[in-house]
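S.K.: A single structure is presented below for examination.
The values are calculated or read from the model by the stated rules, or taken from the named source; none is laboratory data. Please read these numbers as outputs of a predicted model, since none were measured by experiment. Using ideal geometry, Cβ is built from the backbone for each residue, glycine included, and neighbour counts are taken over all protein chains shown. Accessible surface areas use protein heavy atoms only, side chains included; no ligands, DNA or RNA. Shrake-Rupley method; radii C 1.70, N 1.55, O 1.52, S 1.80 Å.
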Amino acid sequence: AKKTTKASDSDAVSVITGEKAVNGVQELKVNSLAKTAYLTGAKIEGKDGEQITALTKLSDIKSGYHFNGGKITLTRNGKTEELEVGEDATISDVLTMLKNKGLNASFDEKNQRIFVSAKESGTESDFTLGGSGYALSVLGLSEKNNGAVKIDGQDASITLNGAEFTSKTNAFEINGLTITAIKETAPGETITLTTENDTAGIYDMIKNFFKEYNSIINEMDKLYNAEVAKGYEPLTEDEKYAMSDREIEEWEKKIKESLLRRDSNLSSVSSALKETMMGGIEVNGKMMYLSDFGINTLSYFTAEDNERNAYHIDGDPDDASTSGNADKLSAMI
């Protein structure tokens, strides 16, 4: 992303242009923000008001109760599973069980409360805890318990140019825009965004693509056209003993470089890449080729060995071979 785009209410949304930057005025409304599902337990009561710790056995927390090996049920995405909790289990044991199931779980000894939350936001993070016997109620995790609070997971929702989009986070990738919702807009309020094409960013994206492509195709040509390693057989231990580390490295390098010489599979892949790059694409009824954008390979006699299939961009200031040519690509962007 290259440019920050101003909005009429910077506290409600931040927007940056992406690789496919979109020109024009965008009308945006933030309907809701993403939330993480979490559950806070009611206060846990120890015997005679005794302060409890994470290592306190569940069966010892409330006077007059006996645990009798209860179960905790965890429901997510329509699937329910049971967690067996033994009579001698501690609060820490229960927290570990929940953590092993991908939840955040902690115990606040000061306030004697359990906190459980999903690790991500959005509706997919929503979960429900239930239990049998004494397992859940003793921890204050039941939604029906006095003092317990359950917050459901929620997706963020925005309306952009009349179309509604949702995301499990507060970030949206739409039409080349990266939109991060910060707060909901007021009822009836609409944010106006003005965006512009990031021509430098588009140019750099194309340039980086060809840099990677050239690296691959040059390496393929180098391996395919490698010299014959005649006389270079794998070294024996005695031969290695008589040579320096440098000599051994050069010897083995020579063998490795020739392994794909005239290899048919390498040739097939390389040819397919070259044919794809030379092919055209129809745009508004006209066939367009890379050369129409000032992107070409060098002539046979100008290019270095094994670099004759690499592409160069006319006017690229970092390319000594074509920097003096007219910059057709930038002009077309």
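S.K.: Could you list, in sequence order, the residues of the range 59-80 that are at pLDDT 80 or above and either touching an Asp or Glu at 6+ places or on another chain (Cβ under 9 Å) or under 19 Å from Ile114 (Cβ atoms) (or both)? First the steps, then the outcome.
M.R.: Here is the first cut: in the range 59-80, the residues at pLDDT 80 or above are 71-80.
Within the range 59-80, Lys71, Ile72, Thr73, Leu74, Thr75, Arg76, Asn77 meet the criteria.
S.K.: For Ser299, work out the one condition from (1) in a loop (DSSP other than H, G, I, E, B); (2) of a type outside the set (A, V, I, L, M, F, W, C); (3) buried (at least 16 other Cβ atoms within 10 Å of the Cβ) it doesn't fulfil.
M.R.: (3)
S.K.: Of the residues Asn325, Asn284, Asn309, only one is out of contact with any Phe, Trp or Tyr (no Cβ under 9 Å at 6 or more places or on another chain) and closer than 18 Å to Lys222 by Cα; which?
M.R.: Unique residue meeting the criteria: Asn309.
S.K.: Given Asp48, Asp93, which one is over 39 Å from the mean Cα position of the chain (by Cα), in a helix (DSSP H, G or I) and acidic (Asp, Glu)?
M.R.: Asp48
S.K.: Considering only helices (runs of 4 or more DSSP H) fully contained in the range 200-289, which possess at least 1 residues that are in contact (Cβ under 8 Å) with a residue 12 or more places away in the chain?
M.R.: Qualifying helices (runs of 4 or more DSSP H): 245-257, 264-278.
S.K.: Filtering the range 17-58 down to residues that are open to solvent by 50 Å² or more (accessible area, probe 1.4 Å) and closer than 15 Å to Asp93 by Cβ, which residue is modelled with the lowest pLDDT?
M.R.: Restricting to residues being open to solvent by 50 Å² or more (accessible area, probe 1.4 Å) and closer than 15 Å to Asp93 by Cβ, the top hit is Lys57.
S.K.: Need the failing condition index for Gly315 against (1) surrounded by fewer than 15 Cβ atoms within 10 Å (Cβ to Cβ); (2) of a type in the set (Gly, Ala, Ser); (3) modelled with pLDDT of 95 or more; (4) more than 28 Å from Tyr224 (Cβ to Cβ), just the number.
M.R.: Of everything listed in (1) surrounded by fewer than 15 Cβ atoms within 10 Å (Cβ to Cβ); (2) of a type in the set (Gly, Ala, Ser); (3) modelled with pLDDT of 95 or more; (4) more than 28 Å from Tyr224 (Cβ to Cβ), Gly315 misses just condition (1).
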